[in-house]
Amino acid sequence: MKRLWKTDKLVEKDKAMMYNGPVEMPQKYPPSYDLHGTTMEEQFKAGGIQVFNGGAAWPLDMEKTDIQIEDIAHALSMKVRFTGHCIEPYSVAQHSCHVCDLVPEEDKHEGLMHDAAEYVLPDLPSPVKGLPEVRAWFKPIEHQAEKAIAKRFNLRLPFPPSIKLADNGMVLFERSKILKPAKFPWMAWTVPGDPAFISDFEVWGWKRAKHEFLARAARLEIR
C-alpha cells in the first residue's frame, strides 16, 4: 500500500502496527497488548474503540470498559454542541461545567457528568433522537453507558430534576451566545423553562474546557 504522506523512520512500535493483511482490515494490532486474556485485535473485533489514554472502550458493552475521568474530559472537550453549528467551537465539556455550576451542591456530581456517555457515543440531534424507531435502538445503548458511568463514579440515576432544569436553561442561554439569530422560532418546540445566565460567559478553547472539567471533578472527588 503506497503512503500518501512523507514520514520519519518508523519506530519499532509503529512497525508492529503496520498493515500486512487483507484490504478489509486497516491495521494489525500489536499482539503484545492483552486485555482480559485476549489480544487487542480480538477485543476490537468485539466492538472496541481506542480512547485518549491509549486504552479501549466498548460502547456496546461498557461494563468491561476501564472508564477514566481524563478520557471523558478530553473527549467532551473535543465534541462541539449543536451538531457543530456554532459561531465558534463550543464544547460539551464547557456546557457540562456550566450545568455543574448552576445546580445545588448536592447535585453537582451529576451536573458535571450528565453528558459523560457522549465520550463514547454521539449526541444525536433532537429531531432524530425523538423518532420512536431511533429511540427504540439508541436509548438502550445510551442508558447502559450511563449506568456503567454512574456505577463507576457513584452517580445517581435517574439524574436529579435540577439537572434537566439547568440543562434546558443552558440550552436557551447558549443559543443566544453561540448561534446566529434564528430565522425560525425553532427552540420553542422542545426546551421548556427559562434561560440560565452566566455573567462572565466566554467560549473556552478545548484545553481550558478540559482543565475546567477536570478541576471540578477533582473538587468533587470524581476520580
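The values are calculated or read from the model by the stated rules, or taken from the named source; none is laboratory data. For clarity, every value in this text was computed on a predicted model and none was experimentally measured. Here Cβ is always computed from backbone atoms with ideal geometry, including for glycine, and neighbour counts include all displayed protein chains.
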Matching residues in the stretch 160-180 (outside any helix (DSSP H, G or I) and out of contact with any Phe, Trp or Tyr (no Cβ under 7 Å at 6 or more places or on another chain)) number 2
Mind listing whichever residues of the stretch 158-180 are surrounded by fewer than 18 Cβ atoms within 10 Å (Cβ to Cβ) and either among the charged types (D, E, K, R) or closer than 16 Å to Glu118 by Cα (or both)? Lys164, Lys177, Lys180
Working only within the stretch 87-118, note down all residues that are in a helix (DSSP H, G or I) and in contact with a strand residue (DSSP E or B) (Cβ under 8 Å, 6 or more places away or on another chain). Val92
Among the residues listed as Gly130, Gly111, the single one being loosely packed, with under 13 Cβ neighbours inside 10 Å and closer than 21 Å to Gly169 by Cβ: Gly130
In the stretch 124-159, how many residues are closer than 15 Å to Ser96 by Cβ and part of a loop (DSSP other than H, G, I, E, B)? 2
Looking at Lys207, Lys183 in this structure, which one is in a helix (DSSP H, G or I) and either surrounded by fewer than 19 Cβ atoms within 10 Å (Cβ to Cβ) or of a type in the set (Ser, Thr, Tyr) (or both)? Lys207
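Residues checked against (1) of a type outside the set (A, V, I, L, M); (2) over 19 Å from Ala196 (Cα atoms); (3) assigned by TED's automatic domain parsing to the domain that holds Phe197:
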| residue | (1), (2), (3) |
| --- | --- |
| Thr83 | yes, yes, yes |
| Pro89 | yes, yes, yes |
| Val99 | no, no, yes |
| Glu105 | yes, no, yes |
| Lys108 | yes, no, yes |
| Val120 | no, yes, yes |
| Lys129 | yes, yes, yes |
| Val171 | no, no, yes |
| Ile178 | no, no, yes |
